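This report concerns only the one structure given below.
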Amino acid sequence: MTRWRFAAATDTGVVRATNQDALHVDNQIAIIADGMGGHAAGEVASEIAVNIVREDFARSGAVEGLHEAIEKANLAIIKDANSNPERFGMGTTVIAVGITYDIEGIGSPTLFNVGDSRAYQLRDGALRQLSEDHSVAEEWVRMGRLTPEEALTHPRRHQLTRALGVEEKLDIDVLSLDVHVGDRILLCSDGLSNELTSEEIARIASSPVSLDDAVAELVDGAKRAGGNDNISVVLLEFDEVSLASNPIKKTVSSAAPPVAKGAQSQSQPSIIRRQRQFSWRTYAGAGVFAFLVLGFVLIMHWYAYSTFYLANNNGVVSVYQGQQNGVLWFQPQKVLDTNYQVSQLRPADQQALSATIAEPTLNAALNYAAYLHTAWTLSNSGAATTTSTVTTTTTKAKKG
């Protein structure tokens, strides 16, 4: 049997005007979702995710049940965005710990993660990060392209490589937790982990500080450190623990959409030979040449349209597919106009845009356009903080 006590809080922070985080915690599951999309209603995406995961997991407490609940939430967010164009681009992270039951009815804690919200384990005052951030900067750290210190200030540290609401195919990290009685598990949005160091988090969140006091101090500490984002915290403490008999540590991918099979190609009628004035070598050489030409054209086509870039299109930030100057006769094509004006970017970003900004995928290009606009918004709102007051709200839930 596994049993925990908990405390939780969510706060708008100091800079943001709205709270796009959502959370839920009870005796069986703890969830935090950090919405993204700004004007595209990130708070809608996070609320959809938390509600669906909470309700579906209550009906099926197996590992597969929680995994399917997260997949269902992903599809629901995509469907909502398709039905409401003003929400195009919305999405959310999800970090959740559920008490999942095996076929023998033994409940053990299992962690599920998509995005850059984090899970930490606290034991005897030491802090250990359990989750991996699914962001460009952290992926580059794992590849050795950046140091952890460089990732802290890299402009792509907030650009996610995984999130709910982006694509129908979803990769979810699943991890069986190895916890002892008295251990604490901390779930948080990046509004906490970006503001406080690991040492500060460990000092504040460890026992003997009570769960309620620890959660309140974590939120207050993040706000004192800047409060640049919404802050959400769930802190669990285990009173009883049963560990999984078959621990899991893997990334689970949703099934790829079925591919419709085309009609079976009919066999070509046999060609009657007749006398020709050319030898078979001539035809063989012509066939090889045609094959090489076709291969060259296909390779050039792939290369010409293998990338996307952001550019200034009559004052609008637009997304193009292709190489900026074209390749042979393959010219770049405009994919779409974003909702952002070039005038709504910082001067340095406008200058970078004039030279075009390349991205490997359409999603990456849209995310980076949103990042540039958000950076402009924050720079403007930062200048106005001396004359405005941001109202914050803190909620707590405790179950003994």
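The values are calculated or read from the model by the stated rules, or taken from the named source; none is laboratory data. This is a predicted model, so every value here is computed, not measured. Note that each Cβ is placed from the backbone with ideal geometry, even for glycine, and that neighbours are counted across all protein chains shown.
F238 is checked against (1) in contact with a His (Cβ under 9 Å, 6 or more places away or on another chain); (2) part of a loop (DSSP other than H, G, I, E, B) and fails just one. What number does that condition carry?
(2)
Listed here are the residues, each with its yes/no results for (1) modelled with pLDDT of 95 or more; (2) under 23 Å from the mean Cα position of the chain (by Cα); (3) not in a helix (DSSP H, G or I).
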{"site": "A202", "(1), (2), (3)": "yes, no, no"}
{"site": "A256", "(1), (2), (3)": "no, yes, yes"}
{"site": "Q264", "(1), (2), (3)": "no, no, yes"}
{"site": "Q277", "(1), (2), (3)": "no, no, yes"}
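Just give me the residues in segment 205-214 being farther than 18 Å from L130 by Cβ and in a helix (DSSP H, G or I), in sequence order.
L211, D212, D213
Anything in segment 346-368 that is touching an Asp or Glu at 6+ places or on another chain (Cβ under 9 Å) and part of a helix (DSSP H, G or I)? List them, or say none.
Of all residues in segment 346-368, those touching an Asp or Glu at 6+ places or on another chain (Cβ under 9 Å) come to 357, 363, 365-368.
Of everything in segment 346-368, those that are touching an Asp or Glu at 6+ places or on another chain (Cβ under 9 Å) and part of a helix (DSSP H, G or I) turn out to be N363, A365, L366, N367, Y368.
Return the residues of segment 306-334 that are assigned to a loop (DSSP other than H, G, I, E, B) and surrounded by 16 or more Cβ atoms within 10 Å (Cβ to Cβ); say none if nothing qualifies. Talk me through it step by step, then tell me what you get.
Initial filter on segment 306-334 (assigned to a loop (DSSP other than H, G, I, E, B)): 306-307, 314-315, 322-326, 328-329, 331-332.
Within segment 306-334, T307, G322, Q323, P332 qualify.
Residue by residue through segment 49-81, note down the ones that are in contact with a Ser or Thr (Cβ under 8 Å, 6 or more places away or on another chain), among the aliphatic types (A, V, I, L, M) and in a helix (DSSP H, G or I).
A49, V63, L66, A69, I77
Provide a single number: the residues in segment 222-236 that are surrounded by fewer than 19 Cβ atoms within 10 Å (Cβ to Cβ) and within 15 Å of L127 (Cβ to Cβ).
Taking segment 222-236 first, the residues surrounded by fewer than 19 Cβ atoms within 10 Å (Cβ to Cβ) are 224-226, 228.
Next cut, within 15 Å of L127 (Cβ to Cβ) only: none.
Of the residues in segment 222-236, 0 are surrounded by fewer than 19 Cβ atoms within 10 Å (Cβ to Cβ) and within 15 Å of L127 (Cβ to Cβ).
For residues that are in a helix (DSSP H, G or I) and surrounded by fewer than 20 Cβ atoms within 10 Å (Cβ to Cβ), tally how many sit in segment 125-140.
Taking segment 125-140 first, the residues in a helix (DSSP H, G or I) are 136-140.
Going one step further and asking which of them are surrounded by fewer than 20 Cβ atoms within 10 Å (Cβ to Cβ), we end up with 139-140.
Qualifying residue count, segment 125-140: 2.
Look at segment 106-124 and say how many of its residues are part of a strand (DSSP E or B) and touching a Cys at 6+ places or on another chain (Cβ under 9 Å).
From segment 106-124, those part of a strand (DSSP E or B) are 107-114, 118-123; that's our starting set.
Checking which are touching a Cys at 6+ places or on another chain (Cβ under 9 Å) leaves us with 118-120.
Number satisfying all stated conditions: 3.
List the number of the failed condition for Y340; all other conditions in (1) surrounded by fewer than 17 Cβ atoms within 10 Å (Cβ to Cβ); (2) in contact with a helix residue (DSSP H, G or I) (Cβ under 9 Å, 6 or more places away or on another chain); (3) modelled with pLDDT of 85 or more; (4) not hydrophobic (A, V, I, L, M, F, W, C) hold.
Only one criterion is unmet by Y340, namely (1).
Test I103 against the criterion of being at pLDDT 85 or above, of a type outside the set (D, E, K, R) and in a loop (DSSP other than H, G, I, E, B), and give yes or no.
When the stated conditions are applied, I103 passes them.
Have a look at R142, R123, R162 and point out the one that is more than 21 Å from I357 (Cβ to Cβ), touching a His at 6+ places or on another chain (Cβ under 8 Å) and at pLDDT below 95.
Numbers: R142 fails: touching a His at 6+ places or on another chain (Cβ under 8 Å); R123 fails: at pLDDT below 95.
One residue alone meets the criteria, R162.
For V219, indicate whether it is buried (at least 21 other Cβ atoms within 10 Å of the Cβ), touching a Cys at 6+ places or on another chain (Cβ under 6 Å) and modelled with pLDDT of 95 or more. Walk me through it before giving the result.
On the way: buried (at least 21 other Cβ atoms within 10 Å of the Cβ): yes; touching a Cys at 6+ places or on another chain (Cβ under 6 Å): no; modelled with pLDDT of 95 or more: yes.
The answer is no for V219.
Residue by residue through segment 188-200, note down the ones that are assigned to a loop (DSSP other than H, G, I, E, B) and either surrounded by fewer than 19 Cβ atoms within 10 Å (Cβ to Cβ) or not hydrophobic (A, V, I, L, M, F, W, C) (or both).
Let us first name the residues in segment 188-200 that are assigned to a loop (DSSP other than H, G, I, E, B), namely 189, 194-197.
Within segment 188-200, S189, N194, E195, T197 meet the criteria.
Of all residues in segment 66-83, count the ones that are in contact (Cβ under 8 Å) with a residue 12 or more places away in the chain and farther than 21 Å from S117 by Cα.
Step one: of segment 66-83, the residues in contact (Cβ under 8 Å) with a residue 12 or more places away in the chain are 66-78, 80-81.
Checking which are farther than 21 Å from S117 by Cα leaves us with 80-81.
Total satisfying the criteria: 2.
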